[in-house]
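The values are calculated or read from the model by the stated rules, or taken from the named source; none is laboratory data. Because the structure is a prediction, the values reported are computed rather than measured. Here Cβ is always computed from backbone atoms with ideal geometry, including for glycine, and neighbour counts include all displayed protein chains. These area figures cover heavy atoms from the full protein model, side chains too; ligands, DNA and RNA do not enter into them. Shrake-Rupley method; radii C 1.70, N 1.55, O 1.52, S 1.80 Å.
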Amino acid sequence: MTNGEKIDLLEEMLELKSGTISENTALAEISVWDSMAALSLIALCDEHFGIQLTGEDIVKFRTVKDILDIMVG
Amino acid sequence: MINPMDLTGKSILVTGASSGIGRAAAVKLSRLGAKVILTARDQERLGITLSQLNGEGHAYYSYDLKRIEGIEEFLSKIVADNGILNGFVHSAGVSEMKPLKMSKFNSLHDLMLTNFYSFAELIRCISKKSSSADGSSFIGVSSVSSIKGNKSQSAYSASKSAMDGIIRPIAKELSARRIRINTVLFGMIGTEMFNEFLKKGGDISAWKDQYMGIGDPEDAANVIAFLLSDASKLITGTGLIADCGYLS
Ligand SMILES: NC(=O)c1ccc[n+]([C@@H]2O[C@H](COP(=O)([O-])OP(=O)(O)OC[C@H]3O[C@@H](n4cnc5c(N)ncnc54)[C@H](OP(=O)(O)O)[C@@H]3O)[C@@H](O)[C@H]2O)c1
């Protein structure tokens, strides 16, 4: 999956208009990035990549790229 | 001295017996004199539970309860090996935290298989005369989530409400044979499931209302033992709340 496709997935999950976020966007700048979004990300990574993220993993993420980097498989 | 929670001579099937509340219940029931039949998927962890039981004659069976179609045959084998049952505890269960928009049918169905459909199918099979004695007691391990919602737990809450719902008509149907069926709505209990909840980013502040603290699995086991014993003969068709104050 390309980074572009991964960003599409994230934007769909966060219900953001296409093109709102890019690799360099800081998570703190995304207004809808909150604890529920983090839980959604856990579910998304499980469903699409078979990855079991934990809350501890997520608090370390700073930018969208940090998320894209773990979306493999 | 009499012990009103005595379970001597009773055969009790416990699902989810490889961990947490199920394991603590199995140990407690054995101490009260019951012969306990343990089931879960993980053989090794079932073996650990077995080694903690008091007395002789217990057994364990590894089975994935998501395989609903096989439950009837699985239960026949248990009864053929161990004789008919006097009690049943469904503690097998999974919890998940998924915001509504991620709760698609597939994941809802998957959770319902373990938490609810297996319970319904087990009860259907166990309640036959050939599988359980008159006067038996059946218990579903439910949760306060059945009646109070927390964000991202729609599937889990629904599965527990389904358990609480199905027992009421069943209690009436089984009353002719003096069989009782109840659920226990536990608050947060300190088990693997609780650790997972924290690990997956669960919000502990949602549980601050549980003002008597996080429950000990052994105390949860006592509630289950009570409902299995003749000490609770007046209780059927109900959801007993054991929540360390959470809902009050
Ligand atoms: N802990 C709490 O705070 C709390 C509060 C209220 C209600 N409850 C309920 O209490 C019950 C027990 O929870 P717990 O805290 O003891 O959790 P736990 O330690 O995670 O134990 C869950 C048990 O369910 C079994 N299980 C899961 N999926 C299964 C499957 N497909 N087939 C067969 N067995 C399966 C597991 O065994 P294997 O993995 O070996 O199969 C394990 O023995 C659950 O129904 C839960 O919803 C818990």
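To keep it simple, each residue is scored yes or no on (1) within 14 Å of chain A (Cβ to nearest Cβ); (2) surrounded by fewer than 18 Cβ atoms within 10 Å (Cβ to Cβ); (3) basic (Lys, Arg).
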{"residue": "B:Ile167", "(1), (2), (3)": "no, no, no"}
{"residue": "B:Leu185", "(1), (2), (3)": "no, no, no"}
{"residue": "B:Glu196", "(1), (2), (3)": "yes, yes, no"}
{"residue": "B:Ser205", "(1), (2), (3)": "yes, yes, no"}
{"residue": "B:Lys208", "(1), (2), (3)": "no, yes, yes"}
{"residue": "B:Gly213", "(1), (2), (3)": "no, yes, no"}
{"residue": "B:Val223", "(1), (2), (3)": "no, no, no"}
Practice item. May I ask you to list the residues in region B:206-227 that are at pLDDT 95 or above and either assigned to a helix (DSSP H, G or I) or touching a strand residue (DSSP E or B) at 6+ places or on another chain (Cβ under 6 Å) (or both)? Key: B:Gly215, B:Pro217, B:Glu218, B:Asp219, B:Ala220, B:Ala221, B:Asn222, B:Val223, B:Ile224, B:Ala225, B:Phe226, B:Leu227
Exercise for review: Enumerate the helices (runs of 4 or more DSSP H) found wholly within region B:21-130, keeping only those where 3 or more residues are closer than 25 Å to B:Arg180 by Cβ.
Suggested key: B:71-82, B:118-126
Practice item. Inspect region A:36-46 for any residue being in a loop (DSSP other than H, G, I, E, B), under 25 Å from B:Leu108 (Cβ atoms) and within 14 Å of chain B (Cβ to nearest Cβ) and give the result as yes or no. Key: no
Check your understanding: When you look at B:Asp230, is it closer than 11 Å to B:Ala24 by Cβ and either touching a Phe, Trp or Tyr at 6+ places or on another chain (Cβ under 8 Å) or open to solvent by 50 Å² or more (accessible area, probe 1.4 Å) (or both), yes or no?
Key -> no
Practice item. Being in contact (Cβ under 8 Å) with a residue 24 or more places away in the chain and more than 9 Å from the ligand (Cβ to nearest atom) narrows it down to one of B:Ile12, B:Ile21, so name that one. Key: B:Ile12
**Study point:** Single condition A:Val32 does not satisfy, out of (1) within 12 Å of another protein chain (Cβ to nearest Cβ); (2) assigned to a helix (DSSP H, G or I)
**Key:** (2)
Exercise for review: Any residue in region B:109-125 that's small (Gly, Ala, Ser): show its pairings with residues that are near the ligand (Cβ under 9 Å from one of its atoms) at Cβ separation under 9 Å, as long as the two are six or more apart or on different chains.
Suggested key: B:Ser118/B:Thr15; B:Ser118/B:Leu65; B:Ser118/B:Lys66; B:Ser118/B:Arg67; B:Ser118/B:His90; B:Ser118/B:Ala92; B:Ala120/B:Met163
Check your understanding: Right, B:Arg168: in contact with an Asp or Glu (Cβ under 9 Å, 6 or more places away or on another chain), away from the ligand (no atom under 16 Å from the Cβ) and at pLDDT 95 or above or not?
Key -> no
Revision key, fill the gap. Expected output for region B:191-207 (first residue of a type in the set (Lys, Arg), partner more than 12 Å from the ligand (Cβ to nearest atom), Cβ below 7 Å, 6+ apart or cross-chain) is B:Lys199/A:Thr54; B:Lys199/A:Gly55; B:Lys200/A:Ile42; B:Lys200/A:Thr54; B:Lys200/A:Gly55; B:Lys200/B:Met97
Exercise for review: For residues that are of a type outside the set (A, V, I, L, M), farther than 27 Å from B:Val79 by Cα and open to solvent by less than 30 Å² (accessible area, probe 1.4 Å), scanning just region B:110-153, find the one that is nearest to the other protein chains (Cβ to nearest Cβ).
Suggested key: B:Ser152
Revision key, fill the gap. Scanning region B:87-116 for residues that are under 15 Å from the mean Cα position of the chain (by Cα) and either over 30 Å from A:Met13 (Cα atoms) or polar (S, T, N, Q) (or both) gives B:Gly87, B:Phe88, B:Val89, B:His90, B:Ser91, B:Ala92, B:Ser95, B:Thr114, B:Asn115
Check your understanding: Any idea which residue in region B:52-104 is surrounded by the fewest Cβ atoms within 10 Å (Cβ to Cβ), counting only those that are farther than 27 Å from B:Leu185 by Cα and within 15 Å of the ligand (Cβ to nearest atom)?
Key -> B:Glu69
Check your understanding: Under the condition of being away from every other protein chain (no Cβ under 13 Å) and in a loop (DSSP other than H, G, I, E, B), which residue from region A:1-15 is least open to solvent (accessible area, probe 1.4 Å)?
Key -> A:Thr2
Check your understanding: (1) among the small types (Gly, Ala, Ser); (2) under 28 Å from B:Asn222 (Cα atoms); (3) surrounded by fewer than 19 Cβ atoms within 10 Å (Cβ to Cβ): which one isn't true of B:Ser107, the others all being true?
Key -> (2)
**Study point:** Verdict on A:Thr63 being more than 14 Å from every other protein chain (Cβ to nearest Cβ), more than 27 Å from B:Asn150 (Cβ to Cβ) and under 11 Å from the mean Cα position of the chain (by Cα)
**Key:** yes
